[in-house]
Amino acid sequence: MNCRISDKPLYKFMDFGDMPLGNGFLNEKDFNSEHFYKMSIGFCPESKMVQLLEQPDASRMFHDHYAFFTGSSNKMSHHFQKHASSIHNNYLCTNDASIIEIGCNDGTFLEYFSKNNIKHLGVDPSENVVEHARSKGVICHCDFFSTKSSCVIEEIHGKADVITAANVICHIPDFLDVLSAANKLLKRDGVFIFEEPYLGDVVQKVSYDQFYDEHVYMFSALSVNYAANQCGLELINVEHLETHGGSMRYNLAKKSARPIEQSVSNCIHNELNIGLDKIETFQKFNNNCEISKQKLMEILDSLKSKSIPVVGYAATSKSTTVTQYCGITSDHMNYICDTTPIKQGKFSPGAHIPIKSYQFYKENLPDYALLFAWNHRDEIMVKEKEFTQQNGKWIQYVPSVSIA
Ligand code: DWN
């Protein structure tokens, strides 16, 4: 696995110990053969990249029973429709215009282009989500995106005006290869637009749960700019987004093909101000995570000692990091409820807490719910008015530990 964008050493600043797969929901019979890897995070002072030091093999994470479906959040579906329409209006006005999406998942984003008869191609390595996308009329190629697969992609589709990705690029270890492949597949003035959870938000909100096997990188404008420059691309625009607890949308173009907008230098200036270029910032982040963990466990241990039932709300990939890092077990939490059928009836990775359907939760409202899907808080608070009205309490840990 090549997951280095500079040949300078990485400084480890956080060690999570043994970690199961974030989306490795499993059956009881598989408890003994569950896969664990050593999860730790490092910072490269040269490229300013923050990343996992080790990542499990891709085939363990992305396969024909991948558990995450983009359409599981109404708000995210709406976000992608808006994004699709904006890309259409800004970049895809000619008759021969075309778009490629890396990591198209269940087709939530590309469905717009399919419906509007715009030439498109989704690329994704997980056959089950690709099937879902195809059922919506989305044209897909089932494979990992790389310079190797770019030859086949070019044969099928040709070069594109726009290449997009959302919450995908930070999953791919060979970032430089992805950038090179994108550069190769872009038309001369094409743009590569991707959005990912943002390092600045992770540090400021102490959202350590954004680190898990699939997220090999936690990008900043500093690190993306560094990598893009090595592959004939440059960062021309950035836009901060509220999605997934704070994300950044990066727009890249071939060198000198498009003007570099003010947002890039503004963002980099802000990143230097908040210290995203310094190891000390991440050492402090590590301390803040330890404090957050202690506070959360004080609450959960206290409820456990009084035998007060707690339910986890949403079996997110992030919840795996939280349960494993904090030491949350099925003694603290009766079950985790989740709307995704493929997760229901299984057990959470590592902690082996049962996953139950949303229906089950609605019929057995608990006293306390730990909000694992804190990044969808607004959507969930609207949906869960009944729980709050019945005096149900939310336990939260991002941006700070609280009971409300
Ligand atoms: O990058 C990634 C992000 C975009 O999605 C992937 N590596 C995997 C996944 O991460 P996640 O699982 O932490 O994503 P979410 O969107 O925070 O959580 C999705 C899960 O939450 C699904 O299993 C559905 C569930 N959920 C729920 O049960 N009720 C979600 C919502 C909004 C709800 O109301």
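Here are some notes:
- Matching entry among His141, His157 (being within 30 Å of Ile342 (Cβ to Cβ), in contact with an Asp or Glu (Cβ under 9 Å, 6 or more places away or on another chain) and not hydrophobic (A, V, I, L, M, F, W, C)): His141
- Unique match (being assigned to a loop (DSSP other than H, G, I, E, B) and buried (at least 24 other Cβ atoms within 10 Å of the Cβ)) among Phe109, Phe144: Phe109
- Residue list for the stretch 357-368, restricted to those being in contact (Cβ under 8 Å) with a residue 40 or more places away in the chain and aromatic (Phe, Trp, Tyr): Tyr361, Tyr368
- Any hit, the stretch 59-78, residues being among the hydrophobic types (A, V, I, L, M, F, W, C) and in contact with a Cys (Cβ under 6 Å, 6 or more places away or on another chain): no
- Filter pass, His78 being modelled with pLDDT of 95 or more, within 16 Å of the ligand (Cβ to nearest atom), out of contact with any strand residue (DSSP E or B) (no Cβ under 9 Å at 6 or more places or on another chain) and farther than 30 Å from Tyr11 by Cβ: yes
- Among the candidates Gly17, Gly71, residue that is touching a helix residue (DSSP H, G or I) at 6+ places or on another chain (Cβ under 9 Å), closer than 22 Å to Glu196 by Cα and of a type in the set (Gly, Ala, Ser): Gly71
- The residue pairs whose first member lies in the stretch 208-224 and is within 16 Å of Val178 (Cβ to Cβ) and modelled with pLDDT of 95 or more, whose second member is more than 9 Å from the ligand (Cβ to nearest atom) and of a type in the set (Ser, Thr, Tyr), and whose beta carbons are closer than 6 Å, counting only pairs six or more residues apart or on different chains, are Ser223/Ser47; Val224/Tyr250.
Residue-by-condition table, conditions (1) surrounded by 16 or more Cβ atoms within 10 Å (Cβ to Cβ); (2) touching a residue at least 24 places away in the same chain (Cβ under 8 Å); (3) in a helix (DSSP H, G or I); (4) touching a Ser or Thr at 6+ places or on another chain (Cβ under 8 Å):
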residue: Gln344; (1), (2), (3), (4): yes, no, no, yes
residue: Pro349; (1), (2), (3), (4): yes, yes, no, yes
residue: Ile355; (1), (2), (3), (4): yes, yes, no, yes
residue: Leu370; (1), (2), (3), (4): yes, yes, no, no
residue: Val382; (1), (2), (3), (4): no, no, yes, no
residue: Ser400; (1), (2), (3), (4): no, yes, no, yes
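- Extreme residue, nearest to the ligand (Cβ to nearest atom), among residues of the stretch 112-138 that are assigned to a loop (DSSP other than H, G, I, E, B) and under 24 Å from Thr340 (Cβ atoms): Ser126
- Where Leu365 falls short, out of the listed (1) surrounded by fewer than 20 Cβ atoms within 10 Å (Cβ to Cβ); (2) over 23 Å from the mean Cα position of the chain (by Cα); (3) assigned to a loop (DSSP other than H, G, I, E, B); (4) modelled with pLDDT of 95 or more: (4)
- Considering the stretch 312-330, and only residues there that are on the phi < 0 side of the Ramachandran plot and surrounded by fewer than 22 Cβ atoms within 10 Å (Cβ to Cβ), the residue that is farthest from the ligand (Cβ to nearest atom) turns out to be Thr329.
- Within the stretch 265-307, the residues that satisfy the criterion of being among the aliphatic types (A, V, I, L, M) and either assigned to a helix (DSSP H, G or I) or over 15 Å from Val203 (Cβ atoms) (or both) are Ile268, Leu272, Ile279, Ile291, Leu296, Met297, Ile299, Leu300, Leu303.
- All positions within the stretch 39-60 that are outside any loop (DSSP other than H, G, I, E, B) and either without any contact (Cβ under 8 Å) to a residue 12 or more places away in the chain or surrounded by 21 or more Cβ atoms within 10 Å (Cβ to Cβ) (or both): Met39, Ile41, Phe43, Val50, Gln51, Leu52, Ser59
- For the stretch 155-201, filtering for residues that are touching a Cys at 6+ places or on another chain (Cβ under 6 Å) and within 16 Å of the ligand (Cβ to nearest atom) leaves 2.
- Residue in the stretch 1-37 that is farthest from the chain's Cα centre (by Cα), counting only those that are farther than 18 Å from Gln210 by Cβ and assigned to a strand (DSSP E or B): Tyr11
- Leading residue by the ranking (nearest to His171 (Cα to Cα)) among those in the stretch 61-95 that are assigned to a helix (DSSP H, G or I) and among the β-branched types (Val, Ile, Thr): Thr70
- With respect to (1) in contact with an Asp or Glu (Cβ under 8 Å, 6 or more places away or on another chain); (2) more than 16 Å from the ligand (Cβ to nearest atom); (3) modelled with pLDDT under 95, the lone exception for Lys38 is condition (3).
- Residues in the stretch 239-274 that are closer than 18 Å to Glu195 by Cβ and in contact with a Lys or Arg (Cβ under 7 Å, 6 or more places away or on another chain): 4 in all.
The values are calculated or read from the model by the stated rules, or taken from the named source; none is laboratory data. A quick note: this is a predicted structure, and the numbers were derived from the prediction, not measured. Cβ atoms come from the backbone with ideal geometry, glycine included; neighbour counts cover every protein chain shown.
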